[in-house]
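Undergrad: Got a structure for you, questions after.
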Amino acid sequence: MRVLKSFLAEIVILLFVATGAAFAGGQTEVKPSPSAPSGPIPSLAALYKPYFPIGAAVGDQLLDQEGPFIASQFDSLVAANDMKWAIIHPVPGNKPADYNFAQADAIVAFAQKHGMLVRGHNFVWHQQVPDWVFEGADGRPLSATKAEVLARLKEHITTLIDHFRGKVYCWDVVNEALSDGDHVWREDSPWYKTAGTSSKGDDGVPDYIIKAYEYARQADPNVKLFYNDYNIESGPKFEHALQLARILKAKGLLDGIGIQGHWQIQSVDPEAVRHAIDSFAALGLQVQITELDLSVYRWGDDSSLSSLPADREALQTKDYGELFKVFREEGAAGKLTGVTFWGVTDADTWLNNFPVGGRTDWPLLFDAKLRPKPAFWAVAKW
Ligand code: G3I
């Protein structure tokens, strides 16, 4: 009887998923989302084994709370915050006491215990980096010389790569160095301001970027080095990312591109994503989707919903289904080598605080009670 109930529930869900495809025009004809089927759900990691690892961004607290569930659904982890400079290396210096490895070590230990991969995130970012990195001897903001900043960068990268050697298989060496606007580079980054000049022959790539990859390569020639950014699948930022990738690859400094995948329902274009994956892969690089989530709010929409409307849930289901079809095809072709969600459930998403503080969003595959949403089934059944 239980099996029959579960079977019927899945049929209902499949019908729901199928109907979702008819709502691109925004007309609401769908019923509220079906309740989750009882009994165990399939493991995404197991289903996607033939294609690529399925990852999630976590913190050590989330692992304490939801460890068994996370280990059942994912075979790759990334620290959402705990390997970032401000958390892992909050004070100047290179003594053990200057680093805070506790939370990151807990994530790595969990991954090892469960046979999961770990992505490293990140060395160079304009956020979550302490002010001291850019302060000179006078203690004023951004008064450090380029040589001082680069020496700190080298020490930081070398220490982290040494610490996680053999446990972290790839690093987002530089994160989000490209501008969203007319300029190529993010010029308001403290990295750009202090170490952003370009040496001769480097085609205008800021020195801190080239140096970060050189330091990482020197520290471990085997660990895979990625450039990671958002909105690099189309428009000028795609062209800029492609050019940066070409230059780093030609120098032997780059192994992969992370397309973050912070998208919104109805505006994500799976064919543009496919084209971007193909283009980066044609350079001889791995490509991964590194921070996947699908907000149910359009970009620029500051409104706040108290529950997830059925039509938006159907659109999200449809978009996830279409994206994963592309992902499977690109994975089978050996071009896409990983897909990581930025969070596990709708309760722990960063989008509940961004771009509107305190607003609820529903961007992931599991609801706040760990129940699979219709989007889960669009990804799990094909
Ligand atoms: O840990 C403190 C807590 O002690 C304090 O009470 C609380 C009050 O605000 O803040 C907590 O820190 C927060 C931290 O996340 C941990 O939850 C920070 O305020 C908050 O700014 C920080 O946000 C992180 C964000 O990066 C920073 O911009 C998100 O969790 C993290 O998911 C997000 O991740 C980035 C990727 O690294 C790069 N790509 C974009 C992505 C989303 O912004």
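Undergrad: Among (1) away from the ligand (no atom under 16 Å from the Cβ); (2) touching a residue at least 60 places away in the same chain (Cβ under 8 Å), there is one condition Gln288 misses while meeting the rest; what is its number?
TA: It is condition (1) that Gln288 fails.
Undergrad: While we're here: So which residues in the range 323-354 are open to solvent by 40 Å² or more (accessible area, probe 1.4 Å), within 16 Å of the ligand (Cβ to nearest atom) and in contact (Cβ under 8 Å) with a residue 40 or more places away in the chain?
TA: If the condition is that a residue be open to solvent by 40 Å² or more (accessible area, probe 1.4 Å), within 16 Å of the ligand (Cβ to nearest atom) and in contact (Cβ under 8 Å) with a residue 40 or more places away in the chain, then Asp348, Trp350 are the ones that fit.
Undergrad: So the check is Cβ under 8 Å with 6+ separation or different chains; which pairs have a first residue in the range 119-134 that's over 18 Å from Ile257 (Cα atoms) and a second one that's open to solvent by 30 Å² or more (accessible area, probe 1.4 Å) and within 11 Å of the ligand (Cβ to nearest atom)?
TA: That search, which allows pairs on different chains as well, returns Gln128/Asn81; Gln128/Ala86; Gln128/Ile87; Val129/Ala86; Pro130/Ala86.
Undergrad: Mind counting the residues in the range 230-259 that are free of Cβ contacts under 8 Å to residues at least 24 places away in the same chain and within 16 Å of the ligand (Cβ to nearest atom)?
TA: Final tally of qualifying residues: 0.
Undergrad: Could you list all residues from the range 330-352 that are under 21 Å from Leu62 (Cβ atoms) and over 17 Å from the mean Cα position of the chain (by Cα)?
TA: Answer for the range 330-352, where residues must be under 21 Å from Leu62 (Cβ atoms) and over 17 Å from the mean Cα position of the chain (by Cα): just Ala347.
Undergrad: Within the range 205-262, can you find the residues that are farther than 28 Å from Gln316 by Cα, open to solvent by 20 Å² or more (accessible area, probe 1.4 Å) and in a strand (DSSP E or B)?
TA: Lys224
Undergrad: Then there's this: Please verify whether the range 270-293 includes one or more residues that are of a type in the set (Ser, Thr, Tyr) and assigned to a loop (DSSP other than H, G, I, E, B).
TA: no
The values are calculated or read from the model by the stated rules, or taken from the named source; none is laboratory data. On a predicted model such as this, the values are computed, not experimentally measured, just so you know. Don't worry about glycine lacking a Cβ; one is built from the backbone with ideal geometry, like all the others, and counts go over all protein chains shown. Only protein heavy atoms, including side chains, enter the accessible area calculation; ligands, DNA and RNA are left aside. Shrake-Rupley method; radii C 1.70, N 1.55, O 1.52, S 1.80 Å.
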